[in-house]
1. Being at pLDDT below 85, open to solvent by less than 30 Å² (accessible area, probe 1.4 Å) and in a helix (DSSP H, G or I): is that true of A299 here?
2. Sort through R228, R311 and tell me the only one that's touching a residue at least 40 places away in the same chain (Cβ under 8 Å), basic (K, R) and over 29 Å from L33 (Cα atoms).
3. Can you name the residue in the range 131-141 that is open to solvent by 30 Å² or more (accessible area, probe 1.4 Å) and assigned to a helix (DSSP H, G or I) and, of all such residues, is farthest from the ligand (Cβ to nearest atom)?
4. Condition first: farther than 11 Å from L282 by Cα and open to solvent by less than 50 Å² (accessible area, probe 1.4 Å). Now tell me which residues in the range 317-328 satisfy that.
5. Only one of L282, L289 is more than 22 Å from the chain's Cα centre (by Cα) and either more than 19 Å from R343 (Cα to Cα) or part of a loop (DSSP other than H, G, I, E, B) (or both); which?
6. Is it fair to say E312 is assigned to a helix (DSSP H, G or I), more than 26 Å from the chain's Cα centre (by Cα) and surrounded by fewer than 16 Cβ atoms within 10 Å (Cβ to Cβ)?
7. Within the range 164-179, identify whether any single residue is surrounded by fewer than 19 Cβ atoms within 10 Å (Cβ to Cβ), touching a residue at least 12 places away in the same chain (Cβ under 8 Å) and part of a helix (DSSP H, G or I), and answer yes or no.
Amino acid sequence: MLLRRLDDLVGQPNAKAFLKNVVAGGRYANAYLFHGPAGVGKGTAALALARALLCERAGGRRPPEPGLADAAPGLFAALEAPPPPPPSGPALDDACGECAACLKTADLQHPDLKFLFPVSGEEKELDTTIADTLTALREDPYFVFGYEKFASIRLSLTRELLRELAYAPFEAARRVVVVRDADRMREDQYSALLKALEEPGAATVWILTSSRPARLPATIISRCQQVRFAPLAEPELAAYLEEKVGVSSRESRLLAALAAGSLGRALTLRDADPLRLRDEALALLEPALRGDGPGLWRAAQSFMNYGRTGRETLRRMIEFHELWLRDLLRAGVGAPRESLVNRDRETEIRRQAEHVDPGEVRRRLMVLEEARDAIEGNVTADLTVFSAMARVAGARLGEGEWPPHLAERWKY
Ligand SMILES: [Zn+2]
């Protein structure tokens, strides 16, 4: 099933409680902006809220209209089927998952649910690109939206949508428009969108999501009720990965730690064999410990072969070392196995922890943190990793054979 319920969201107790309250209360803002880090469930929550707003037993329940039944029958009254009686009991605070509307929203087939998201590629292939994305989304319950740098919400699609808004909703009392990563639009799209958001009495609820809300025009933000999504806690992520996704307990903790609160990131990393990557990253330190400068340089550069993702890979190399050192600190104070991120290499961690001074571990962590910041900035990533490993190993640069043309850039 493609669309979930608000109840099925991972973590996010505050956002979840707020949204369920909105659904139960039956009074909606014209527009919501779900903001927070990437991969924490904003898009899933947006679709789940849309589903609840259209559900016949929750937000989509038509209120009984008093007096209507007593009114004199109109000329065409006999031709119209009587409206179904409203379901009894209080409105639900989440989609029921069973009514006709819920069955349609489950597969994104409800005519009053519009879903826009950024795509890349050529305009003439737009229909195929969108259809392929939706198929992937339907077939893989752990599908993660990933964009190229210039992916955008296409102008042709927002135009088409805005034209449609002129008409009444097809089946439900209102229309719900979900705009994923709404910060990927052009300036003229925002002006058109703003007009639609300001439309008084419009039968449309907008749900925008963004992990980069600073890129949205302030005029848009001020029209939206904001809902904040937080990074997910590591144990929460690890438990979800093990119980729902079927990740082994050896990997789940490492993935959760690397994911930095983002389920999307954990799911993407899951396919990259994180234990192997971790072992490769840790092996980087070996030439540094041997004092083999050129060997270290070659090793650091070999990770640049990943092309455009080279910088990302190198940043991850640093992260693996940080996680290892944190495990050393934990082991040093006798922390149990469950609290170790690299628990599959527990014996090694415990052995190292006996021989290393916590002050020294902290020094190394500072070196690595600095290196990670430098990689985020514009510093040559491979050189940064090289320097960091050398400093972690305590090697003094400038000794032995170093690639001479870069020597003056090593400040350590
Ligand atoms: Zn329902």
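The values are calculated or read from the model by the stated rules, or taken from the named source; none is laboratory data. Because the structure is a prediction, the values reported are computed rather than measured. Note that each Cβ is placed from the backbone with ideal geometry, even for glycine, and that neighbours are counted across all protein chains shown. What goes into the accessible areas is simple: the full protein's heavy atoms, side chains included, and nothing from ligands, DNA or RNA. Shrake-Rupley method; radii C 1.70, N 1.55, O 1.52, S 1.80 Å.
1. Working: at pLDDT below 85: yes; open to solvent by less than 30 Å² (accessible area, probe 1.4 Å): yes; in a helix (DSSP H, G or I): yes.
It is true that A299 is at pLDDT below 85, open to solvent by less than 30 Å² (accessible area, probe 1.4 Å) and in a helix (DSSP H, G or I).
2. Working: R228 fails: over 29 Å from L33 (Cα atoms).
So the residue among R228, R311 that is touching a residue at least 40 places away in the same chain (Cβ under 8 Å), basic (K, R) and over 29 Å from L33 (Cα atoms) is R311.
3. Filtering the range 131-141 down to residues open to solvent by 30 Å² or more (accessible area, probe 1.4 Å) leaves 131-132, 134-136, 138-141.
Then drop every residue that is not assigned to a helix (DSSP H, G or I), which leaves 131-132, 134-136, 138-139.
Values: A131: 26, D132: 28, L134: 21, T135: 24, A136: 25, R138: 19, E139: 23 Å.
Within the range 131-141, the match that is farthest from the ligand (Cβ to nearest atom) is D132.
4. Initial filter on the range 317-328 (farther than 11 Å from L282 by Cα): 326-328.
Within the range 317-328, D327, L328 meet the criteria.
5. L289
6. Values: assigned to a helix (DSSP H, G or I): yes; more than 26 Å from the chain's Cα centre (by Cα): no; surrounded by fewer than 16 Cβ atoms within 10 Å (Cβ to Cβ): yes.
No: the conditions fail for E312.
7. Yes, because at least one residue in the range 164-179 is surrounded by fewer than 19 Cβ atoms within 10 Å (Cβ to Cβ), touching a residue at least 12 places away in the same chain (Cβ under 8 Å) and part of a helix (DSSP H, G or I).
Residue by residue, here is whether (1) free of Cβ contacts under 8 Å to residues at least 40 places away in the same chain; (2) away from the ligand (no atom under 16 Å from the Cβ); (3) buried (at least 19 other Cβ atoms within 10 Å of the Cβ) holds:
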| position | (1), (2), (3) |
| --- | --- |
| C96 | no, no, no |
| A100 | no, no, no |
| P111 | no, no, no |
| K114 | no, yes, yes |
| F117 | no, yes, yes |
| S120 | yes, yes, no |
| L126 | yes, yes, no |
| T129 | yes, yes, no |
